[in-house]
Amino acid sequence: MSTTLLTKRAHCFFVLILCIFLLPHQSYSQDTIKAKNDSVSAAPDTLSTDSIRKSLSKNAIESKINYKASDSIRFNISEKKMYLYRDVEIYYDDITLKAAYVELDFNKNTLFADTRYDSLGAEYGRPEFTQGSQSFTALSMRYNFETKKGLISDIITHEGESYLHGNLVKRFEDNATNVKNGLYTTCDRRHPHYEIRFFKARVIPDDKIITGPAYLVIEDVPTPLFVPFGFFPNKKGQLSGILLPTYGESANRGFFFENGGYYWGVNDYLDIAFRGDIYTRGSWAAKIFTNYKKKYKYSGMLNLNYAVNISGDKKLPGYEEKKDFFIRWQHQQDPKARPNSLFSANVNAGTSSYNRYNPSTTGDYLSNDFESSIAYQTGLARGRANFSINLGYKQNTGTHEVLLTAPAISLSVNTFYPLRKKKRVGNLKWYENISVGYMMNAQNVLSTIDSLILSQKSLEKMQNGVSHSIPIRSNVKVLKYFTWTNSLNLNERWYFQKVDKQWLRSTDTAYLNTDTLRGFFPVHDFNVSTSLSTRLYGMYQFKKGPVKALRHVIAPSVGFTYMPDFGTPFWGYYKYTTIDTLGHSRKYSVYENGNYGTPSDGASGKVNIAISNNLEMKVRSKKDTITGTKKVVLIENLTIGTAYDLARDSLNWDNLYVTGRTKLFKRIDLIYNGSWDPYYYDTSGVKMNTFQYDVNRRLFRSATAKYSIGLNWSLSSNDFKSKKTSKGSGQTTYHPDGNVDYTNPWSINLAYNLTFTNNFSPSLYRYVKDTIQTLQITGDVNITRKWKFGMTTGFDFNAKDISYTSLNIYRDLHCWEMVIQWIPFGARKSYNLTIRVKASVLQDLKLTKKTDFRDNAF
């Protein structure tokens, strides 16, 4: 047999043995084998592809194998060995083997991969094996293809967040391994900062790691934390197990265990965590957290909390016991599940004091307003109509006020054009632009306080009703530049209760009695309107200077709206009743408590006039390489308007109103709302049918004015860097309200709000002023590359006091982290020091020292 033929067959045998080593439990068939070798040249192959395939096993592989060595590949025919030198790389499917040296012995059916050392004694080319997400490195490794057993020295395996080190590892046919003198850690360094050291262990792939006696070592210093055996889950996906609690002592509650419990990974679509708190002085809490998800269907989370907070001694004054609960539920439907309908839920509801004593985040503690909504909506009549039903709940934990909507139903029909032909010919006639719509709303509403929400008295006060609206509109172009809009609005309300007021007299007392009458009461009204509007554009261009052009848009409009007098006895919507012993009477609406209001009292024929303005400028900009300019908005909107009512016999003019808003430097929001009254008030606060000009020689008196300034400004070191990747550790660490980014050396956020109102009070005959001003500052700065200081604070100018303040220190300890949070004053005065392992697999390996803010709350 020629050397060439023998070499080729040895090459084929090497490939087959290598495949068996890489995939000992799977069978494949082979199509192609590719070799890369710069130092070895082979004569033309004398074997045909068919003859090679016939000689190969039927279990041979199909995928391509690539292998190379930067130095050389040598075959020893007499010893039936193959040697690969320097930067050896072998690729097969998702498997990669790299080493400085690889030796195959075809007589003994073994593979040996080893590390090498340079002339200075520094090692290079440690064998590195990778398959999918699993990988390990070793000083040397030996594997027998017949027995399917291997012996590996100085190994480091990596899977997920875990690293397993072993001085000597023996691999068995079922892929299980025995480890002698090893350690378990989540630190990615070859010499880890901490480890759980053991003498022997059994590793069962995709199942678990079981060790003998083990102890914790930190920075090569053994600790007294010792266990007779160790158990580390090694499965992919969800794992059930015990959740270790946090322990400590509270001055008012005693010793405690918090957030201990059990995690149950039910399946790939559902998990449940049962947690609880217990205190030696009687307080306790129970919590259920669950996440669920069904692919292409829906996903969500549910959080149920119940707590009993006890303060003081039962036999002593000052004893207090509070029972609180809180529910959070979020549900999202995948749009692919039902394109024609959607169900969603966002529930946040509970007792008003729950977040005072049991908050999970700073945001929970500082929030007073919570909203909940459960909604279902769907399309009807092939998309021509929409139907929705919603359950709503609004709660203010500060005022204890709640607003319950159960349910709110809506049905709308898309706008249609009844006079248009199905097949359009030529331009549309004016009547073909007439559109018709329909909207129906129905709701039950209860406004009360949280402690009375389920009482019989509150349920009797629930208001309900149904509203129907049919808008009929037409838009017509007039003289090319004007838009003429005409509309007729038909409104129908269905109420199931109305009020009846009567002045009752007896021998001793006289009072105004209000009765609620039940039944079905339809209420109608309508109005017609017409308006004419256009838009005018003006531009002024500058030849020199940074400003290139000014652009002004003016949108004037004039309109007329008529509504008949629905306060006449003919309609029956209004009545008169005596209100005092002197016989004075007052007109009232029998539907004054209706959900959708009541028709207006008195006829209205208003002529409306308004002018809206928008002002922008273009400035030269080097950053814009296309146009060389950028747009700057000076005034987003400035609207001036008033109205004249033809139906009134006096006081025909409405107040002149002005509304404006704009944003400066992309950070400052400016809003203004004001109105000016053209009429004169006498000293008793009565508006006279006399103009201000006739008495005081001025056109208007300021009636209301509201100025709002809001600043939201965020600035960080990244704003001064180029788009290149910023330098830094690339590490983030945990803190109570989120993650800290060490790659950003500093950042600051300012939130400032100022609202000033100045309203004229006719009854007081003077102006009433009010100012609300708040400032909040958050920021952080890197003291060093691994130390960061953060702060949250603010100032309430009305209370003249510092608002919630938190000082935080973060330390990146590579595989560990340290967080210090100090709240120096206020209701949440406390501190929290935590040193913990970053990896979630060992999240309970931590040291915590803290004080309980609830000691200050009771």
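The values are calculated or read from the model by the stated rules, or taken from the named source; none is laboratory data. All of these numbers come straight from a predicted model, not from anything done at the bench. Because the Cβ atoms are built from the backbone with ideal geometry, glycine has one as well, and the counts that use them run over all protein chains shown. These accessible areas exclude ligands, DNA and RNA; they are computed on the full protein's heavy atoms, side chains included. Shrake-Rupley method; radii C 1.70, N 1.55, O 1.52, S 1.80 Å.
Here are a few things to note about the model shown:
- Over 24 Å apart at the Cα level, from the set Lys180/Lys208; Lys81/Lys149; Lys323/Lys838; Lys663/Lys706; Lys769/Lys800, are Lys323/Lys838.
- Environment charge of Leu651, counting only residues whose C-beta is closer than 11 Å and scoring Lys/Arg +1, Asp/Glu -1: -2
- Cβ-Cβ FRET estimate between Lys323 and Thr96, R0 fixed at 56 Å, reported to 0.05: 0.40
- Cα gyration tensor shape for the stretch 179-285, rounded if a/c is under 1.5, else prolate or oblate: oblate
- Zone of Asn396's modelled label, taken as backbone nitrogen in the stretch 339-358 under 12 Å from a point 7 Å along Cα→Cβ: none
- Diffusion constant of the stretch 536-659 at 37 °C, which comes from Stokes-Einstein with the Kirkwood Cα-pair radius and 0.692 mPa s, µm²/s: 169 µm²/s
- Across the stretch 748-777, the residues whose backbone nitrogen lies under 13 Å from the label position 7 Å along the beta-carbon direction of Val695 are 762-763, 765-766.
- In sequence order, the stretch 679-685 has phi-based couplings of 9, 8, 10, 7, 5, 8, x Hz under the Karplus curve 6.51 cos²θ - 1.76 cosθ + 1.60, θ = phi - 60°, and Gly or Pro positions carry x.
- Here the accessible area of the chain is 56 percent carbon and sulfur, with a 1.4 angstrom probe and all protein chains present.
- In the context of the full set of protein chains, the chain has a per residue accessible area of 59 Å² (1.4 Å probe).
- Estimated Rh, the stretch 204-357: Kirkwood, alpha-carbon pairs, angstrom: 19.3 Å
- Relative contact order (percent, whole number), the stretch 70-166, Cα cutoff 8 Å, 6+ residue spacing: 18 percent
- Sorting the segments 510-517, 741-748, 212-219 by their mean number of nearby beta carbons within 10 angstrom, highest to lowest, gives 741-748, 212-219, 510-517.
- Val558/Asn368 FRET efficiency (R0 41 Å; Cβ-Cβ; nearest 0.05): 0.40
- A straight chain from Ser803 to Ser716 at 0.36 nm per residue would run longer than the Cα-Cα distance by 29.0 nm.
- Separation of the Asn340 and Lys200 label points, Cα + 7 Å toward Cβ, nm: 6.8 nm
- With respect to the chain, whose longest principal axis is taken over its alpha-carbon atoms, helix 3-22 is tilted by about 50°.
- Packing-based order for 636-644, 693-701, 73-81, using average beta carbon neighbours within 10 Å, highest first: 636-644, 73-81, 693-701
- Viscosity 0.692 mPa s, 37 °C: Kirkwood-radius Stokes-Einstein D of the stretch 414-513 over Cα pairs, µm²/s: 174 µm²/s
- Sequentially through the stretch 604-610, phi angles give Karplus couplings (6.51, -1.76, 1.60; θ = phi - 60°) of 9, x, 8, 9, 9, 10, 8 Hz, Gly and Pro residues having no value and appearing as x.
- Computed log₁₀ I(q)/I(0) - Debye formula, equal Cα scatterers, no solvent, the stretch 56-192, q 0.11, 0.13, 0.15 Å⁻¹: -0.44, -0.62, -0.83
- Selection from Asn303, Gln463, Leu244, by position along the positive dipole direction of the chain (Cβ): Gln463
- Simple spin-label estimate for Asp770 and Tyr262 in nanometres, 7 Å along Cα-Cβ: 5.4 nm
- Cβ-Cβ FRET estimate between Trp284 and Leu139, R0 fixed at 60 Å, reported to 0.05: 0.65
- Mean Cα-pair separation over length for the stretch 342-463, i.e. relative contact order, pairs under 8 Å, 6 or more apart, %: 21 percent
- Virtual paramagnetic centre 7 Å along Cα→Cβ of Ile640, amide N under 19 Å, in the stretch 608-624: 608-616
- Per-residue extension of 0.36 nm, minus the Cα-Cα distance of Arg424 and Ser650, leaves a gain of 76.3 nm for this segment.
- Peptides 496-505, 149-158 ordered by packing proxy, namely the average of other Cβ atoms within 10 Å per residue, highest first: 149-158, 496-505.
- Listed candidates [x] 179; [y] 202; [z] 336 - label of the one calculated as volume of the Cα convex hull per residue in Å³: [z]
- Accessible surface comparison of Ser240, Ser806, Ser469, probe 1.4 Å, protein chains only, largest first: the order is Ser240, Ser469, Ser806.
- In this structure, the amide hydrogen of Ala385, modeled 1.01 Å from its nitrogen in the peptide plane, lies closer than 5 angstrom to those of Leu380, Asn414, counting only residues at least 5 positions away or on a different chain.
- Across the chain, the relative contact order, built from alpha-carbon pairs under 8 Å that are at least six residues apart, equals 4 percent.
- For the pair Asn475 and Leu454, label points projected 7 Å from Cα toward Cβ lie 5.1 nm apart.
- For the pair Gln330 and Ser600, the difference between a 0.36 nm per residue extended length and the Cα-Cα distance amounts to 93.0 nm.
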